[in-house]
Structure formats: C-alpha cells, structure tokens
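Notes to accompany the following structure.
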Amino acid sequence: MSIEQVNEAGITILQVDGSLDGDGTQVLEEKVLSLLDSDTSCLLFDFSNLDYINSSGLRVLVLAYQRLKKSSGKVGICGVKDYIQEVFEVSGYDKIFSMYPSRSEALGGL
Amino acid sequence: MESSLIIPAEAERFREACTFVRSCAAECGAPESLLQKLDLVIEELVINIASYAYPEEAGKVEIRCLRETASAAQNGKPDSLFCLCFCDWGVAFNPLQSPRPDMEIDLHRRNIGGLGLHLVLEMADTCAYERRNGMNEFKVCFEI
C-alpha cells in the first residue's frame, strides 16, 4: 500500500494504491489524523489504483467524515473499482460520501 | 474437493489463509472477481475469532474450502458453490445473531461496530452457523 499526497485547488488529495488491509489501514489513519490536525478542510481520496479495502479502512473514511462534518469540511472519494464500489454499496456508504468517477470530476464537484 | 488449513487465531496470520483459499478457489474454477471478497471474508472472520473466540488465551482456527452443489429453486439448474468453513474452539459466538450496524442513522452519529461482520454477511450468498462439541463452525458460501 502506498499513499501520495497532492494539494490542488484547495483540496488535499490522497491517492491510495494497493491494498487497505490491517497494516495499510493503520498508515492511512495516521496520515488522515495528521491532516485533520493541521486544519485540512477538504479531503479527496483517490482510489483509482486501490484493489482492496476492509471494514477498518472504511472506519478511517468515516473518521475523516465525522471530524470534517463538525467543521463544515468535505470528504470525497473518486475512481473506485468494482469491488470497492460493492463494499461501499453493501455498507450504505455510497449514499453518504460524495463519490466521483474520476479525480477531475471530483475536483470540479467538491 | 475439500482442503483445510489450521493457523493460530491471530489477526496478522490472515494472509496465510488468503493464500491457501485463493489456491483452492483457483482449483474450483472460482472467478477472479470473487478473490477480493474471499480476502475480505477471511480477514474479517480471522480478526473476529482472534478477538472474541479467544479473548484471553491463544487458540487455533481451521479454514476448510469445499465445493458444493446446491439445487437452484428458480431455474432448475444446479448452482456450484465455493464454501469456506471457519472452525474455532473458543467462546460460543453466532455471527448470524450479532448486532448489525444501523444503516438508517446518519453517518456522523452512527456506531459502526459490527461493520466487518455486516460486510461478510452481505457479500456471501449463504451463511450458516453451528455450535457442536465445543466448536463454532461458520460456513460462508459463494455461487461460482
């Protein structure tokens, strides 16, 4: 699992590649917490190259959502593959997070 | 076809089970699209067993892979199933009776405990639980 951070148009983009399993989730959580502590208000997760996510990975997204909701911030998710889309649908999170087909559409919509 | 693997019930050991199950799934002709779902089910259930079946002492989990045929009521054609059985000898626990997360509550107020099991139960085509002779057996099947 690797995470690349890009800041574009006032949005912090985290491109997460590989597998968000037990170890990967911990790394992502630390990254997200440090961003939230440094006043990030708009966070976009780019999952174009993410192959796997588990319930712990979803919890990190929920953590970001819950924290940013309090400060009127935003969380978006883009580029999910079929399996990830199914996990979002099964958990009901596809209706809660702002989801976009691609990064460019997310940057335009957030 | 039936194969089994026994590993210590420790969260970080789930990858061994994934490798084993992926190899069995390939032998059974399971589609590529099923593999990540199998990984998810294994990771969530091994973590669950490590946390709740053996809260204080070390224990083991056995994972059996089997291919079954189930009669489909709709079209009369038999369905092929790829099934995983998770057996442990810890505290009795029926995943089918565990509390599910309330999907109607707003996300910012939702308690997301039980999400892992919810994903397992929703991803699988059928699930069954049995407690016998001090053993939990949880069977998860996928149509292939």
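Run the numbers on the range A:44-59: which residues show a drop of 30 Å² or more in accessible area, chain on its own versus all protein chains together, using a 1.4 Å probe over heavy atoms? With the partner chains in place, the range A:44-59 has these residues losing at least 30 Å²: A:Tyr52, A:Asn54, A:Ser55, A:Arg59.
Of the accessible area of the range B:2-143, computed with a 1.4 Å probe over protein heavy atoms only, carbon and sulfur atoms account for 46 percent. What lysines sit close enough to A:Lys81 to cross-link, taking a C-alpha to C-alpha distance under 22 Å and skipping anything fewer than 8 places away on the same chain? Output for A:Lys81: A:Lys95, B:Lys37. Averaged over peptide A:89-97, the number of partner chain Cβ atoms lying within 10 Å of each residue's Cβ comes to 4. Per-residue 3J(HN,Hα) values for the range A:87-94, derived from phi via the Karplus relation 6.51 cos²θ - 1.76 cosθ + 1.60 with θ = phi - 60°, read 4, 5, 5, 5, 8, x, 6, 5 Hz in sequence order (x marks Gly and Pro).
Nonpolar atom fraction for chain A, defined as the carbon and sulfur part of the 1.4 Å probe accessible area, stands at 42 percent. Simple spin-label estimate for B:Leu5 and A:Val27 gives 2.2 nm between the two label positions (7 Å along the Cα-to-Cβ direction from each Cα).
Remark: the range A:53-62, residue by residue, has Karplus-estimated 3J(HN,Hα) of 9, 10, 5, 5, x, 4, 4, 5, 5, 5 Hz, where x stands for each Gly or Pro and the curve is 6.51 cos²θ - 1.76 cosθ + 1.60 at θ = phi - 60°. 3J(HN,Hα) couplings calculated from phi for the range A:28-40 with the Karplus curve 6.51 cos²θ - 1.76 cosθ + 1.60 (θ = phi - 60°) are, in sequence order, 5, 4, 4, 5, 5, 4, 5, 5, 5, 5, 9, 6, 5 Hz; Gly and Pro show x. Note on A:Glu105 and A:Ser41: their simple-model spin labels are 2.7 nm apart, each label 7 Å out from Cα toward Cβ.
Using the rule -39500 (n - 2.57) for each DSSP H run of four or more residues, divided by the residues of chain A, the 222 nm mean residue ellipticity is -14000 deg cm²/dmol. Taken per residue, the accessible surface of the protein assembly as shown reaches 48 Å², heavy atoms only and a 1.4 Å probe.
What FRET efficiency would be calculated for the residue pair B:Met135, B:Asp79, taking the C-beta separation as r and a Förster radius of 35 Å, to the nearest 0.05? It comes out at approximately 0.80. If I take R0 = 22 Å and measure r between the Cβ atoms of A:Asp17 and A:Asp82 in this structure, what FRET efficiency does the formula 1/(1 + (r/R0)^6) give, to the nearest 0.05? Between A:Asp17 and A:Asp82 the formula returns 0.85.
GNM remark for chain A: springs join alpha carbons under 10 Å apart, and the peak mean-square fluctuation among A:Val27, A:Val60, A:Val80 falls on A:Val27.
The B-A contact accounts for roughly 1900 square angstrom of buried accessible surface, both chains included, probe 1.4 angstrom. Which shape class applies to chain A: rounded if a/c is under 1.5, otherwise prolate when a/b exceeds b/c and oblate if not, where a ≥ b ≥ c are the square roots of the Cα gyration tensor eigenvalues? Taking the square roots of the gyration eigenvalues as a ≥ b ≥ c, chain A is rounded. Among residues other than A:Asp51 with Cβ under 11 Å from its Cβ, the summed charge is -3 (Lys and Arg +1, Asp and Glu -1).
Entry note, the range B:2-143: relative contact order of 24 percent, from Cα contacts under 8 Å with a spacing of 6+ residues.
The values are calculated or read from the model by the stated rules, or taken from the named source; none is laboratory data. These numbers were taken from a predicted model, which means no experiment stands behind them. Don't worry about glycine lacking a Cβ; one is built from the backbone with ideal geometry, like all the others, and counts go over all protein chains shown. Protein only, heavy atoms only, side chains kept; ligands, DNA and RNA dropped before computing areas. Shrake-Rupley method; radii C 1.70, N 1.55, O 1.52, S 1.80 Å.
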